[in-house]
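First up is the structure itself, then whatever we jot down about it.
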Amino acid sequence: IDGVVFNVPDRPANDAVFGRPSGGDRGEGAFPQVRKVSLVELGTHVEIAWVAKPITTGEQAVISALLKRVPDDGLLLWDRGFFSYELWKTVNSLAIRMVARVKNNLILRPIKQLRDGSYLAKIYPCSYDREKDRHGIVVRVIRYKLDDPQRVGHEEEHELMTNLLDEQLYPA
C-alpha cells in the first residue's frame, strides 16, 4: 500500500470536490489535489485496487477500504507514514500478514530476543497503556543497515515491524 497526491485542473468543480492543500500563512495551494492510495502487487507493479479522496483525507483513513482486496496468501507492505496502533490492530484481526517500515522514534522495547537477531516487542495505543502494560500487541522487530554506499539510507538504521512472529518460519 502506498499513496500519492495529484494536482487536478483548477476548476470550481474540482475545488469543491477535492479541495486544496493548506499552505499555512502562505494561503491555499495553487491547484486542487487528489489523494490516491493504492494496493499494488510488488512483482508486477499492477494496481489491484485504489481509492481516491480529497487532499484533506489522510492516507490512513482510506486503507481499510483496500484491506479486503489483499490476497489470502499475500504479504502486506506499508511505509512508515501509515503506522497507527488501531490500523495494526485491524489488519492483525483480519489475519493479514504484514511487514511495515516504522519510524525510529516508535518505542519498541524488546521483550524477547530471537535467534535471528530480531526481537519481540509490544505496541500500545498510548504511553499510559505502555506504562501499565495494557492493551499491548506483540510484534516482531527487525533492525538493519544498508551496506551499499550507492543506496539511499546507507549506514542508517532502519526498522521493520511484522506480525510474522516465528523466526523459524520467517527468518529476518
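Bear in mind that the values in this text are calculations on the coordinates, not laboratory data. What you are looking at is a predicted structure, and each value in this text was computed from that prediction instead of being measured. Quick reminder, even Gly has a Cβ in these numbers, built from the backbone with ideal geometry, and neighbours come from all protein chains shown.
Of the numbered conditions (1) at positive phi; (2) in contact (Cβ under 8 Å) with a residue 40 or more places away in the chain, Gly153 fails exactly one; give the number of that condition.
With (1) at positive phi; (2) in contact (Cβ under 8 Å) with a residue 40 or more places away in the chain applied to Gly153, the lone miss is (2).
Which pairs turn up if I take residues in the stretch 120-137 that are within 16 Å of Phe83 (Cβ to Cβ) and look for partners that are loosely packed, with under 11 Cβ neighbours inside 10 Å with beta carbon separation below 7 Å, at least 6 apart in sequence or on another chain?
Going by the 7 Å Cβ cut-off, the qualifying pairs are Ala121/Arg109; Arg130/Ile107.
Residues being of a type in the set (S, T, N, Q) and under 15 Å from Ala52 (Cα atoms): count how many of those fall in the stretch 15-34.
Qualifying residue count, the stretch 15-34: 1.
So the check is Cβ under 6 Å with 6+ separation or different chains; which pairs have a first residue in the stretch 27-48 that's within 19 Å of Glu59 (Cβ to Cβ) and a second one that's basic (Lys, Arg) and assigned to a strand (DSSP E or B)?
Arg35/Lys53
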